[in-house]
Structures are given as C-alpha cells and as structure tokens.
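Here is the structure we will look at, set down as structure tokens.
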Amino acid sequence: MTPRFYVVGGAVRDALLGLPAADRDWVAVGTTPEELLALGYRPVGKDFPVFIHPQTGEEVALARTERKTARGYRGFTIHAAPEVTLEEDLARRDLTINAIAQAEDGTLVDPHGGRRDLAARVLRHVSDAFVEDPVRLLRLARLAARFPQFSVAPETLALLKQMVAHGEVDALVPERLWQELSRGLMAECPRRMFEVLRECGALARLLPELDRLWGVPQPAEHHPEVDTGVHLMWVLDCAAALHAPLPVRWACLVHDLGKGATPRELWPRHLGHEARGARLAAALAERLRVPNDCRELAEVAAREHGHVHRSGEFGAAALVRLLERCDAWRRPRRFEALLLACECDARGRAGLQDRPYPQRARLLEALRLTQAVDATAAAQAAMDRGERGPAIGQAVLQARIAALAGFLAGTPGLPAAP
C-alpha cells in the first residue's frame, strides 16, 4: 500500500479562515513506522508514533484511533496501524473545525462538517468521545479566546457541563492547566476563555479563587461596572488592547483575588484586600506552578496596585517608599510591567477605557530621577559621618527623596484611581 499524507488540524482550519499559515501537522495513512524510517523520517514521541520529515522538519503522525481506559487526559490506549483510515483518525479529534484534512493535491476531506461550522462561526464537538479528555475543554475555551466571534454549540456546552459534573476536569494536572491558561491569556480576547469556563462550571473547579469574584460588589464611584468579576474581564480587555505580555495579563487576572475573601458584611468596601490578594495570588501560582516572572509580578500588583493608583497624592518620601517596596531600582523592567498592569486595572472599567493614566508616566519619571542618584556616594558620605548599618541605607533613601523634591514642587497632584 502506498502511503498517503494529509495536512490536518489547525493549519487547515486557519488557511480556510484566511489566517497566516501556522506550523503544519501531517497524518500518514496506509504505512508503518518501518516504512517511514526507511524514507528517512526521524522518530519522536513516546505515547504514539510521530516522525519528523527529513527535509521540512514537520511532524508526521501515523493515522490512529484511541480507546479510553482510565480517567484523565493520559487514560487512552493508542492503536496505529496501516489499516486505520483517515476518517477514523479524524473521528477522534476534538472539534469539527479541527477535523478537516487536506491531501497533497489540495483536496479537502471533511466528514464532520467542519467547513460548515467555520462559516457559521461555531465551536462544535466531533463526537461524544470529546468528554473522555478534559484537556479538550480547556482547548475549546482557549479557542474561544482566539476566535471571539465563534459561539459554542448548545450541545457542546452541555457536554462541557457533563465533564465538570462527572469530575473529568479534576484530573487535569497543573502543567496542562497553566499551558492552556497562558495561551488563552495571550489570545485576541482572553475574557472569552474565562466566560466559557465559567458558563460550563469549570472555572469554579479549576480556579475557585477567581470564580468567586463574580457577584462581589465594589464601590460604584470607582467601578461603574460594580461587579468584581465583570471588572476583571474589562481589565483583560484593556491588557489585550495594549498588547501586554503574559506576566502583565496574569497579574491583571489575579490582582483583585483578595476581594473574594472580604466578609459580606464589609461589602462593597474591601479594606485590606491587597494583602489578602497577594497571599491568594502566591498560593494560586504555587498550585499551578506558574513561572516566576508571572508569579512575582502578580504578587507585587496585588499588593501595590492601590498605592500606585493613589501615587498622584504622594510626596517624595511616600514615592520613594513605594519604589523601595516594589524593588524598582533593582527590577526596573518589572516595575514598568507593574505600571502597565495598574493602567489596565484603572482603565478596565465600564465607560472609562479611554481615560488617561498619568500615574504611569509620573512614576517612571520618579524612578528615572532616583536611579540617577549616586547611591555609592551617598553611602560613603554617611560612613564618613560615622553612620553604620541601617543608617547607611536610610542615607541613600534620603538622597533619593531629595532628588524628587524639586520635581514634585513643579508637579501638581494627580487624580487617584483606587
């Protein structure tokens, strides 16, 4: 039997949508590992036969079927053999729009109506086998963020709810959850990922700290949208509009977790939510094994965003203390990322998306001026005066405070955005 090769999955989908070509994945039908090795293909992968094309470097997988044998995304037995047909391989895929194949001559094979659903902008499962792999639920939510104009088919949403009710999502490991979350956060419309997860009930199981923010009120004078969960979605919209990097988007997502722990009798005020939020953000990052750059920025943002918003009211000493708490002199890039996250928070409010955020420019200038202070000279002068230990550090801080005094004398106070 002569091997037949087909492009499958996202590359076909994106080409039909007129999007730039992504990496192509191929499936080989009617062949064996030995035949591909003889043609110069290089084997990779442990769970099922995947090979690398000797010239293009593209992945080629043998056509295969899957049988569910245990809970979770690893609980499958793989069967790859020359008699497995292309249609059988496509039937195991998650969504109809990902179950289209293209032959080498350009012919499309679409047994599940993927082109129809592309035209209708619908995310629809291929078969009830969708429920067997909990990662599919995450991938669907992530695709909803990438393609926000697509809706989820009602019958597919019902399957998602069934997966949650039967505990399939509980088998997801932190690494896979973070992988899909991070990709969804960087998509065109990250709010859609969380809307889908919340609608099917998965958000409450996977990220309960986040889910409980819906229904928590905030002071209407600062938050026209009132609801904390709704506010978070506005903040993510702003982060996407400003093309913020992943650490900033993660910080935007978790900066208000502390409001979900405010006792009801204290609503809508949330005194102390910053410290609570920093602890919750740290615990969540530990659970999901979030990378350090995301984890550290999120903790600083949760703790300091209120102070950054109100920094227009600060004098020189308070500004220097803020810069010190944020470790701005040692980590200036992270401080810049913090200010971007705070701007997204301030503008992520109903009707306030276009308002200016002068705090960002003011604090960057404060950082520049204090960076210009010769800390070594200030420390040496203190030692020459006979000062030792903490007094030397205080002398450096005083030099930085003095550097800001003239700047602030000619700068009017700025409006707060608590």
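Values in this text are rule-based calculations from the coordinates and carry no lab data. Computed from a prediction, not measured in an experiment: that's the story for all the values here. A quick note on method: Cβ atoms are made from the backbone with ideal geometry, for glycine too, and the neighbour counts reach across all protein chains shown.
For region 59-65, what does the Karplus curve 6.51 cos²θ - 1.76 cosθ + 1.60, with θ = phi - 60°, yield as ³J(HN,Hα) per residue in whole Hz, taken in order and with x for Gly and Pro?
Each residue of region 59-65 in turn: 7, 10, 10, 5, 4, 8, 10 Hz.
Taking a ≥ b ≥ c as the square roots of the eigenvalues of the Cα gyration tensor of region 178-243, is the shape rounded (a/c under 1.5), prolate (a/b larger than b/c) or oblate?
Note, shape of region 178-243 comes out oblate.
Direction-averaged shadow area of the convex hull around the Cα atoms of region 136-205, nm²?
So the Cα hull casts an average projection of 4.0 nm².
Take each of the peptides 15-23, 124-132, average the number of other beta-carbon atoms within 10 Å over its residues, and list them starting from the highest.
The peptides rank, most packed first, as 124-132, 15-23.
If you place +1 on the Cβ of every Lys and Arg, -1 on the Cβ of every Asp and Glu, and leave all else neutral, what size is the dipole of the chain about its Cα centre, to the nearest 20 Debye?
With only Lys, Arg, Asp and Glu charged at Cβ, the dipole is about 1120 debye.
Convert each backbone phi in region 195-209 into a coupling constant with the Karplus relation 6.51 cos²θ - 1.76 cosθ + 1.60 (shift: θ = phi - 60°), then list the ³J(HN,Hα) values in order as whole Hz, x for Gly and Pro.
Going residue by residue, I get 5, 5, 4, 6, 5, 8, x, 6, 4, 5, 8, 8, 9, x, 4 Hz, with x marking Gly and Pro.
Need one word for region 4-120: rounded, prolate or oblate. Basis is the Cα gyration tensor (sqrt eigenvalues a ≥ b ≥ c); a/c below 1.5 gives rounded, then a/b vs b/c decides.
Oblate, since a/c reaches 1.5 and b/c is not below a/b.
If packing is taken as the average count of other Cβ atoms within 10 Å, what order do 54-65, 330-341 fall into, highest mean first?
Result, highest mean Cβ count within 10 Å first: 330-341, 54-65.
Can you give the percent of C-alpha pairs in the chain whose distance is more than 31 Å?
Above the 31 Å cut-off, the chain has 51 percent of its Cα pairs.
Please list, in chain and number order, the residues 5+ apart from Gly9 or on another chain whose amide H is under 5 Å from its amide H, with Hs placed from the backbone.
Here the answer is Ile100, since their amide H atoms fall under 5 Å of that of Gly9.
Could you pull the Rg and Dmax for region 243-409, using just the Cα atoms, both in Å?
For region 243-409, the Cα radius of gyration and maximum Cα-Cα distance read 17.7, 57 Å.
What is the helix-to-structure angle for 273-288, meaning the angle in degrees between its Cα long axis and the longest Cα principal axis of the chain, kept from 0 to 90 and rounded to the nearest 10?
That helix lies at roughly 30 degrees to the long axis.
Please give me, ordered by residue number, the trypsin sites (Lys or Arg not before Pro) of region 247-293 that lie in loop per DSSP and have at most 15 other Cβ atoms within 10 Å.
Arg269, Arg289
What residues qualify as long-range amide H neighbours of Leu123, i.e. H under 5 Å apart, gap of 5 or more or another chain, H built at 1.01 Å from N?
Answer set, sorted by chain and number: Ser151, Val152, Ala153.
What Cys residues in the chain are without a partner cysteine, judged by a Cβ distance under 4.7 Å?
For the chain, the answer is Cys189, Cys200, Cys252, Cys294, Cys326, Cys342, because their Cβ atoms have no other cysteine Cβ under 4.7 Å.
Which ³J(HN,Hα) values in Hz, rounded to whole numbers, follow from the phi angles of region 290-300 under the Karplus curve 6.51 cos²θ - 1.76 cosθ + 1.60, where θ = phi - 60° and Gly and Pro get x?
5, x, 4, 5, 6, 4, 5, 5, 4, 5, 5
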